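Worksheet for the structure shown next.
The values are calculated or read from the model by the stated rules, or taken from the named source; none is laboratory data. Note that this is a predicted model, so its numbers are computed, not measured. Here Cβ is always computed from backbone atoms with ideal geometry, including for glycine, and neighbour counts include all displayed protein chains.
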C-alpha cells in the first residue's frame with residue numbers, strides 16, 4: 001500500500017510516516033498543498049492523508065483539485081476543528097473520511113487500511129497460497145503451520161505477491177508499492193529482500209524469479 005502524507009506540522013508528519021512504514025506501508029511526505037498536488041499527479045497512491053490547514057494551497061482546495069482531476073486515491077482529511085460543520089464541509093468537498101486532531105495512531109491506521117480496501121477488489125481477510133498463510137491485520141505469516149517472522153519490507157513484498165494470485169509482479173511494481181519515492185530504481189533492494197524472504201520461508205522455494213519479468217508466488 002502506498003500513502004501520501006500532506007501535513008505542515010513536520011514533527012507530526014514524520015512521526016505518522018514512521019508509524020505507517022512500520023505497518024509495511026510505503027509512505028511519501030510533503031509539507032504544503034502545492035507539493036501534495038505535484039506528488040499526487042505523478043504517483044499512484046492508495047490513500048492520501050491530507051491536513052486541512054496546509055500552506056501555499058489550502059487543504060480544501062487540494063481536495064477539490066484531486067477530486068476534479070479524478071485522482072483515484074482515497075482521501076482522509078485531518079483537522080484541529082472538531083465541530084460538526086467542519087466535518088460536513090470536509091466531506092462535502094470530496095474527502096472520504098475525516099479525523100480530528102489529536103488522534104490515536106491505531107485509529108488512523110485502521111482508517112487508512114479501510115480506505116485502501118475501497119480502492120482494491122475485495123480479498124479474503126487472510127491470504128493463503130502455496131502453504132503460506134498471511135494475515136494483513138495481525139501482520140502474521142505462517143508456512144505449513146510454522147510462524148515466519150518477517151521484516152516490514154519482506155511482509156509487504158510477500159503480501160503483494162500473494163495478492164497477485166500467481167501473476168508475475170515486476171521489480172518496478174514492487175518498488176512502487178512497497179518502497180517510498182526516495183528509493184532508486186537502480187537499487188538491488190528488491191532482489192535482496194526477495195532473497196531474505198525466500199530464506200525465511202524455507203524449502204521448497206515458493207517465490208519464483210521470472211527472468212526479465214519479475215517474481216511470482
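The condition of being modelled with pLDDT of 90 or more, under 20 Å from residue 111 (Cα atoms) and in contact with a strand residue (DSSP E or B) (Cβ under 8 Å, 6 or more places away or on another chain) holds for only one of 54, 50, that being 50. Take the conditions (1) within 15 Å of residue 207 (Cα to Cα); (2) in contact (Cβ under 8 Å) with a residue 60 or more places away in the chain; residue 164 misses just one of them, which is (2). For residue 4, the test of being in contact (Cβ under 8 Å) with a residue 40 or more places away in the chain, assigned to a helix (DSSP H, G or I) and within 12 Å of the chain's Cα centre (by Cα) is failed. Here residue 149 clears all of (1) surrounded by fewer than 13 Cβ atoms within 10 Å (Cβ to Cβ); (2) not assigned by TED's automatic domain parsing to the domain that holds residue 180 except the condition numbered (2).
Those helices (runs of 4 or more DSSP H) of the stretch 21-128 in which at least 2 residues are farther than 30 Å from residue 153 by Cα, considering only elements entirely within it, cover 59-68, 84-92.
The single condition from (1) surrounded by 14 or more Cβ atoms within 10 Å (Cβ to Cβ); (2) out of contact with any strand residue (DSSP E or B) (no Cβ under 8 Å at 6 or more places or on another chain); (3) at pLDDT 85 or above that residue 183 fails is (3). On the basis of being surrounded by 20 or more Cβ atoms within 10 Å (Cβ to Cβ), touching a residue at least 40 places away in the same chain (Cβ under 8 Å) and more than 30 Å from residue 189 (Cα to Cα), does residue 115 make the cut? So residue 115 fails the test.
Residue 29 falls short on exactly one of the conditions (1) in contact with a strand residue (DSSP E or B) (Cβ under 7 Å, 6 or more places away or on another chain); (2) more than 27 Å from residue 151 (Cα to Cα), and that condition is (2).
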